[in-house]
Amino acid sequence: MEIPLAVNRYRDVRCGDLRPGDVGRSVRLAGWVAAKRDHGGLLFVDLRDPAGVDAGGRVQLVAHPDVRAFAVLSGLRLESAVSVGGRVVARTPETVNPKLATGAVEVVVEAVEVLSSADVLPFPVEHDTDVGEEARLRYRYLDMRRGPLVERLAARARLAAVVRDHLSARGFLEVQTPVLTASSPEGARDFLVPSRLYPGEFYALPQAPQQFKQLLMVGGVERYFQIAPCFRDEASRADRSPGEFYQIDLEMAFATQEDVFSEVERLMERIVVDCSTKTASAPFPRLGFEESIDRFGTDKPDLRFGLEIADVTAALGGTTELPMFAGAPASRHVIRVLRAPEAAARPRRWFDDFADAARDAGVTGAWLQLDAGGSRGSLARKLTGPETAVLGDACGAAAGDAVLCAVGPRERVAAVLGEQRRTLGRELGLADPATLSFCWVVDFPMFERNEETGGWDFSHNPFSMPQGGLDALLAGDPGSVLAYQYDLVCNGVELSSGAVRNHLPEVMEAAFAIAGYGPERIRRSFPALWNAFHYGPPPHAGIAPGFDRILMLLEDQANLREVIAFPLNQGARDLLMGAPSAVSDTQLAELHLRVVPAT
RNA sequence: GGACCUGUGGUGCAGUUUGGAGUGCACGCCGGCCUGUCAAGCCGGAGGACGCGGGUUCAAAUCCCGUCAGGUCCGCCA
């Protein structure tokens with residue numbers, strides 16, 4: 001994008017714009033001292049301006065000892081800011097630098113004004129040497145001057161612009177919702193803001209604008225969106241920012257799951273086309289939750305490669321001499337296998353590690369190494385030839401491959417083999433980095449067993465509409481009720497959760513009853529929604545794709561902090577600003593707070 | 001709440017397994033030389049209680065315990 005140049009006393013041209021056609025011009029440049037090469041009787045300075053983040057915005061200055069500027073520049077430290085007046089000259093052929101866009105010319109310095117000087121730098125700004133992240137966060141502005149981070153911030157701005165442009169054109173109304181709101185009892189830990197006016201009462205920062213957007217639906221906003229800040233006081237991960245993050249929050253009235261899918265597929269296609277060089281194709285494939293677990297061992301599968309998990313419980317359970325297989329059906333265990341490509345020759349240690357990981361997860365792990373002449377491994381001995389063939393055939397393993405096998409409860413077997421699948425995909429480079437492989441995971445269960453209490457918990461979101469409505473809830477088998485609840489997944493990353501919302505108070509009451517809550521609980525916890533839903537709420541559905549996570553995928557970053565200007569660190573501290581910090585007793589008193597020392 | 005990895009001049013690392021003098025590398029910094037470099041070069045120099053505290057030992061950067069900081073993961077994240 002072209003940034004208009006403000007011509008003023010600091011500069012009249014950008015460093016990176018000088019070309020042979022400018023030879024003879026008198027120019028004024030402003031920027032940072034990026035490098036100095038002092039020959040005693042001759043001084044070269046690379047001057048870099050803000051456009052230099054993409055390496056295009058720099059030019060070589062030459063200073064001769066007969067100008068006063070020589071001594072000034074010579075004494076300046078790197079990253080000092082200067083304004084330089086000089087004349088553009090052509091370089092002699094043997095001194096042209098092909099690595100610079102401006103490498104055919106240089107600027108002979110006539111005068112220099114030091115705009116500000118820099119101390120000795122805490123880490124090198126030029127050059128892409130690795131710098132510890134702690135230092136990068138503490139001196140975020142210097143980290144930015146290195147370039148790549150600003151490029152990612154530009155990508156972030158472009159993504160936001162594309163999202164706004166696209167969704168606005170599709171009739172979505174951008175509405176800002178409050179940042180100071182009421183604490184809600186469900187979900188993650190809230191960030192609380194003490195009220196000065198009302199002693200002992202608190203605002204909460206929203207974990208998501210969930211209730212507000214549903215209220216907008218009731219209010220007659222047909223389509224809503226917002227690049228919404230969300231605040232959750234939970235532990236962080238590489239792909240999970242502590243404290244705050246952004247969602248492309250959207251909701252549609254008089255809409256079905258299909259309507260949401262089709263709008264999001266349009267949006268994602270537009271994003272991929274406008275914001276990346278990668279490819280994606282809509283419509284996105286759909287996987288049932290159970291199907292995804294069985295085939296890929298996870299509810300967020302990376303579909304850029306195959307390696308599906310195969311079930312051989314029916315084929316081998318109870319029929320072999322191998323006790324772990326023979327006893328499986330009676331214990332309601334499953335026997336599943338995963339092909340490990342070209343792993344037959346891996347060391348014993350690798351297979352032992354797999355078996356150990358399986359045992360730690362509470363299942364039995366075993367393996368088969370397929371050689372041209374036969375098979376080896378922990379399963380080879382007790383199984384007949386045809387039985388080992390079943391294992392290999394089920395997952396498509398051939399000579400040179402290995403078969404990883406896990407036996408135990410279904411979810412645990414899935415988790416173990418799913419993890420192996422992910423690891424193999426990464427180690428073997430099976431996933432094309434230029435592809436964004438989106439999919440929908442649908443039909444999540446509405447409830448799940450609480451292992452401790454034996455009761456039922458909402459497995460995802462208490463606001464989701466159960467499939468089959470009230471009848472399904474009253475049928476007496478909560479475990480079999482599915483929700484209109486869906487995830488958008490891409491390349492093994494969960495980008496988003498969404499749902500057709502439950503807008504019917506009587507269905508809500510029935511759902512909460514199963515989870516062990518009376519109607520007064522809904523009224524108390526979600527008074528606004530509960531009341532609103534008594535005044536003709538439209539059926540509505542929505543979703544909220546994670547803005548930062550989409551950016552991670554587009555920018556090939558493994559860590560969220562790389563796409564955020566001023567991120568908190570893993571421990572939720574801001575190393576640059578020093579937040580959180582203690583406050584004065586006066587402030588505490590005003591807020592009616594007293595700090596109790598940790599015990 | 002838990003597990004694991006890392007912590008050595010300003011920066012990035014090696015040294016830790018097998019205890020023996022703060023030893024080393026690259027960059028940066030300070031001084032000197034240097035008129036065609038482009039991450040300039042050459043010479044010289046400064047800069048370290050090896051994160052912190054305790055323990056074992058004749059002797060600890062190195063082994064043990066604790067603690068702090070940074071990171072990765074599990075729990076958690078409706």
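No lab work stands behind these numbers, since they all come straight from the coordinates. This one's a predicted model, so the numbers in the text were calculated from it and none came from an experiment. Every residue, glycine among them, receives a Cβ derived from its backbone with ideal geometry; neighbour counts consider all protein chains shown.
Net length available on complete extension from A:Gln176 to A:Leu428 is 86.2 nm, with 0.36 nm assigned per residue and the Cα-Cα distance removed. Label-to-label distance for A:Trp530 and A:Val273 is 4.7 nm, based on points extended 7 Å past Cα in the beta-carbon direction. Across all Cα atoms of segment A:15-116, the radius of gyration (one decimal) and Dmax (whole number) stand at 12.2, 35 Å. Within segment A:393-428, what residues put their amide N at less than 12 Å from the label point 7 Å along the Cα-to-Cβ vector of A:Asp371? Residues A:400 fall inside that zone.
Would you mind computing the Rg to Rh ratio of segment A:318-375 from its alpha-carbon coordinates, Kirkwood style for Rh?
Result: Rg/Rh = 1.00.
Pull out a ≥ b ≥ c, the square roots of the eigenvalues of the alpha-carbon gyration tensor of segment A:479-589, then state rounded if a/c is under 1.5, prolate if not and a/b is larger than b/c, and oblate in the remaining case. Numbers along the way, then the final one.
Numbers: a/c = 2.84, a/b = 1.40, b/c = 2.02.
The shape class here is oblate.
What is the sum of charges, Lys and Arg at +1 and Asp and Glu at -1, for the other residues whose Cβ falls under 11 Å from the Cβ of A:Asp12? If you can, show how the numbers build up before the last one.
Numbers: positive: A:Arg9, A:Arg11, A:Arg14, A:Arg25, A:Arg28; negative: A:Asp17.
Here the count lands on +4.
Here, P(r) means the percent of Cα pairs in each 10 Å bin from 0 to the largest distance; for segment A:305-430 it is 14, 51, 32, 3. Neighbour counting of Cβ atoms within 10 Å sorts the residues A:Phe444, A:Phe231, fewest neighbours leading, into A:Phe231, A:Phe444. For chain A, a crude dipole built from +1 on the beta carbon of Lys and Arg and -1 on the beta carbon of Asp and Glu, taken about the Cα centre, is about 1340 debye to the nearest 20. For segment A:2-62, the equivalent ellipsoid built from the Cα gyration tensor has semi-axes of 20, 14, 11 Å, listed from largest to smallest.
Expressed as a whole number of Å, what is the distance separating the alpha-carbon centroids of segment A:159-179 and segment A:87-107? Here the two parts' Cα centres lie 46 Å apart. Each helix, a run of at least 4 DSSP H residues, gives -39500 (n - 2.57); summed and divided by the residues of chain A, these come to -8000 deg cm²/dmol at 222 nm. Residues A:Glu411, A:Glu265, arranged from fewest to most other Cβ atoms within 10 angstrom of their Cβ, appear as A:Glu411, A:Glu265.
Going from the residue with the fewest nearby Cβ atoms within 10 Å to the one with the most, A:Thr277, A:Thr177 rank A:Thr277, A:Thr177.
For the pair A:Asn450 and A:Asp12, label points projected 7 Å from Cα toward Cβ lie 7.6 nm apart.
Taking 0.36 nm per residue of sequence separation and removing the Cα-Cα distance, the A:Asn569/A:Glu133 pair yields an extension gain of 156.1 nm.
Candidate membrane-span-like segments in chain A, meaning DSSP H helices with Cα atoms spread over at least 20 Å of their own axis and a Kyte-Doolittle mean of -0.5 or above, are A:148-169, A:257-275, with no membrane implied.
Selection among A:Leu43, A:Phe438, A:Val163 by position relative to the dipole of chain A gives A:Leu43 as farthest towards the positive end (Cβ unit charges, Cα centre).
Among the chymotrypsin sites (Phe, Trp or Tyr not before Pro) within segment A:513-599, those in coil by DSSP and having at most 10 neighbouring Cβ atoms inside 10 Å are A:Tyr535. All other residues whose Cβ lies under 13 angstrom from that of A:His333 are scored, Lys and Arg at +1 and Asp and Glu at -1, for a net of +2.
Which GluC sites (Glu not before Pro) in segment A:426-482 pass both tests, a DSSP loop state and at most 12 other beta-carbon atoms within 10 Å?
Values: sites: A:Glu427, A:Glu448, A:Glu451, A:Glu452; in loops: A:Glu451, A:Glu452.
Taking segment A:426-482 and a limit of 12 other Cβ atoms within 10 Å, the loop GluC sites (Glu not before Pro) found are A:Glu451, A:Glu452.
For segment A:305-339, the list of trypsin sites (Lys or Arg not before Pro) that fall in a loop by DSSP and count at most 15 other C-beta atoms within 10 angstrom reads A:Arg332. Pairs of C-alpha atoms in chain A farther apart than 44 Å represent 39 percent of all such pairs.
Viscosity 0.890 mPa s, temperature 25 °C: Stokes-Einstein D of segment A:459-529 from its Kirkwood Cα radius, in µm² per second? Let's see the in-between values first.
Working: Rh = 13.0 Å.
For the chosen part, D equals 188 µm²/s.
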